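Trainee: Here it is: the structure, laid out below.
The values are calculated or read from the model by the stated rules, or taken from the named source; none is laboratory data. Because the structure is predicted, anything quoted here is derived from the model rather than measured. Glycine also receives a Cβ, built like all others from the backbone with ideal geometry; neighbour counts cover every protein chain displayed.
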Amino acid sequence: MPGLAYLFGVGVLVVAVVVTFVVTGGKPWTVIDGADGRPSTSKFQWTIWTAVVLFSYSAIYFARARNGFWDALPDVPPNILIVMGFSTTTMVVAKGITTQYVANGRVVKPAGNQGGLLSDDTGQSDLSKVQLVMWTLLAIGIYLAIVVKQVSAVAAGSSVQGSNVGLPDIDASLMVLMGLAHGGYLGKKLVTATQPAPTSVSPPRAAAGQVITVAGSGFGALQGTSVLTLNDNPVNVSAWSDTKIVFALPRRLPDGTVVVAGITLQIGLLVNGQPAGQLLPLPISIPANVTGVNPGSAAVGDPVTVTGSRFDNQQTDSGVTFDGIHVPVVSWSDSSIVVVVPAQLLDGSAMTSGRQVTVGVDVHGQPGVGTWPFAVI
């Protein structure tokens, strides 16, 4: 009965899964993961072809054994050998390319877990992976349909392909299509280079001495030989991760440029010799300065006037803070801002009688240089 042959084939796969379960410490699905912990497309296609051939061989062997043929299947079709060969080759070559590119800095593996079977390390769809997986699954589906017919024929004492010796072959046209998909996948690997991508700078404008944070992706987990530049001048950084770089804005650049209000610096990156895809502008301005709060104490709901300089005539992305938390603004000018004492700050803390807070102003994301005390009555 062909049903017993299929059951035997499934049983062999179950044994393989149990062995994998033990070897991987109870996580058999990680057998297709790469060294970075993300699913590997090349390992996936190798694993699934191995499982299909193992199932097919076992099922056909069982059907032959039921008819008294206990010897191993004498012939393995050439395309089966080829598909196992280039699935293994693709896996090994893909691993070698990635390892080499990471080692020399051409590819930077980003933090997180965005990559997958059909997507690149940034989480975007990768057409070379899509093509490889789709042709692989189609070929496997067609091959398993032929295997089912072969098992039934062997169980009945006849054959589907050639003499009654065992494994059917894979159609030549499918081999060509899969070969092209494998070539495209490896070709994409060969030409891939990660380009560091800085996307934002905080605050968006600053003065000398301020701490600046550059956010983005592809910076690398460690700085190593990578460099952050201001107008092509390398600067010291205090923190470096794959998505964030922190540095203090110097008062003078190595080329002699003095960091003063009115100029705009260009932030650049070189990650292991690979330049960033864009430069980020950093306008230099004099921070706002708070010189007084009138009255110095008020009740919840009362208006309070913050005085000072360089607030800008338009509020836009600026604000007044109590203990670093923004509060509602009534009116705004370059030297005077009116706010209302809220009953509760955005962090959930209550503005109860007797509470002391520090009033500050940030203009276009740039913190002011002066603060002022204020009390709730």
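Trainee: Within segment 220-248, work out how many residues are crowded, with 17+ Cβ neighbours inside 10 Å, of a type in the set (Asp, Glu) and either modelled with pLDDT of 95 or more or over 18 Å from Ala197 (Cβ atoms) (or both).
Mentor: Residues in segment 220-248 being crowded, with 17+ Cβ neighbours inside 10 Å, of a type in the set (Asp, Glu) and either modelled with pLDDT of 95 or more or over 18 Å from Ala197 (Cβ atoms) (or both): 0 in total.
Trainee: Pick out the one residue from Val31, Val14, Val52 that is in a helix (DSSP H, G or I), surrounded by fewer than 14 Cβ atoms within 10 Å (Cβ to Cβ), in the same structural domain as Asp120 (by TED's automatic domain parsing) and not basic (Lys, Arg). Show your work before the answer.
Mentor: Values: Val31 fails: surrounded by fewer than 14 Cβ atoms within 10 Å (Cβ to Cβ); Val52 fails: surrounded by fewer than 14 Cβ atoms within 10 Å (Cβ to Cβ).
It is Val14.
Trainee: Hey, another quick one. In segment 336-377, how many residues are under 25 Å from Ala206 (Cβ atoms), free of Cβ contacts under 8 Å to residues at least 40 places away in the same chain, among the hydrophobic types (A, V, I, L, M, F, W, C) and surrounded by fewer than 20 Cβ atoms within 10 Å (Cβ to Cβ)?
Mentor: Residues that pass the stated criteria total 1.
Trainee: Taking segment 55-91, which residues are among the β-branched types (Val, Ile, Thr) and assigned to a helix (DSSP H, G or I)? Even if it seems obvious, please write down each step before you answer.
Mentor: At the first step, the residues of segment 55-91 found to be among the β-branched types (Val, Ile, Thr) are 60, 76, 80, 82-83, 88-90.
Of everything in segment 55-91, those that are among the β-branched types (Val, Ile, Thr) and assigned to a helix (DSSP H, G or I) turn out to be Ile60, Ile80, Ile82, Val83, Thr88, Thr89, Thr90.
Trainee: Which of the residues belonging to segment 257-267 are modelled with pLDDT of 95 or more and of a type outside the set (Val, Ile, Thr)?
Mentor: Leu265, Gln266, listed by residue number.
Trainee: When residues of segment 321-335 are filtered for being assigned to a strand (DSSP E or B) and under 19 Å from Pro204 (Cα atoms), how many remain?
Mentor: Number of matching residues: 3.
Trainee: A further question on this structure: Let me confirm something: among Val327, Val300, which residue is within 16 Å of His364 (Cα to Cα), outside the structural domain of Val235 (by TED's automatic domain parsing) and of a type in the set (A, V, I, L, M)?
Mentor: When all the criteria are applied, what remains is Val327.
Trainee: So which of Ser159, Ser152 ends up being surrounded by 14 or more Cβ atoms within 10 Å (Cβ to Cβ), in a helix (DSSP H, G or I), out of contact with any Ser or Thr (no Cβ under 8 Å at 6 or more places or on another chain) and modelled with pLDDT under 90?
Mentor: Ser152
Trainee: Does Asp302 fit the bill of being at pLDDT 95 or above and farther than 18 Å from Pro203 by Cα?
Mentor: yes
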